[in-house]
1. In the stretch 65-154, if the dipole is taken from +1 on Lys/Arg beta carbons and -1 on Asp/Glu beta carbons about the Cα centre, which of Ile92, Ser74, Thr120 is farthest to the positive end?
2. Can you give me the accessible area per residue for the chain, using a 1.4 Å probe, in Å²?
3. Could you compute how fast the chain diffuses translationally, taking Rh as the Kirkwood radius over C-alpha pairs and applying Stokes-Einstein at 37 °C with viscosity 0.692 mPa s? Give it in µm² per second.
4. Give me the percent of the accessible area of the chain that comes from carbon and sulfur atoms, probe 1.4 Å, all protein chains in place.
Amino acid sequence: MSTAVAQGAPFEAEVEVRFRHCDPAGIVFYPRYFEMINDFVENWFDKGMDLPFHTLHVERHIGTPLASVHCDFSAPSRWHERLRQVLEVRRIGGASFQADVRFEGPDGQLRLSARLTIVTVDLRTMRAMPLPDDLRARMQAFLISAPPAAAGTP
């Protein structure tokens, strides 16, 4: 894992909107965003945490299915735009973690925001399994602390 990543730093990448992502109006067809999100998460495992999906899935038999996603689409993205992608880990649990993902246009305008819950699964049994210690440790670099509670808030 890269030692240059500070505690709580988001993982960032960029994706170009391709013709295959777009509908006849020339904007991203919303199901394609889910493919982009999946590619981005895979990129985070590979480049951000230095744990390629191939190693995780094929060699270690650990799957990472998406258990839940909440997604808001704020503005359209158009063919040939480059979108900034940002991922922040919000919570690390026993067998799952929660991450926030956002895509921004070249002008910084929010295009998509999503909250993902991903579970670790033993691919031999297809049952949830505890997050491996090395994976948990790598995720810590991307864990964003919750904002402090307001005065008087329980």
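1. It is Thr120, whose Cα lies furthest towards the positive end.
2. Dividing the accessible area of the chain by its residue count gives 56 Å².
3. The calculation lands on 198 µm²/s.
4. Ligands and nucleic acids excluded, carbon and sulfur reach 55 percent.
The values are calculated or read from the model by the stated rules, or taken from the named source; none is laboratory data. Everything numeric in this text was worked out from a predicted model, so none of it was measured. FYI the Cβ positions are ideal-geometry reconstructions off the backbone, even for glycines, and counts take in every protein chain you see. To get the accessible areas, we keep the full protein, side chains included, count just its heavy atoms, and leave off ligands, DNA and RNA. Shrake-Rupley method; radii C 1.70, N 1.55, O 1.52, S 1.80 Å.
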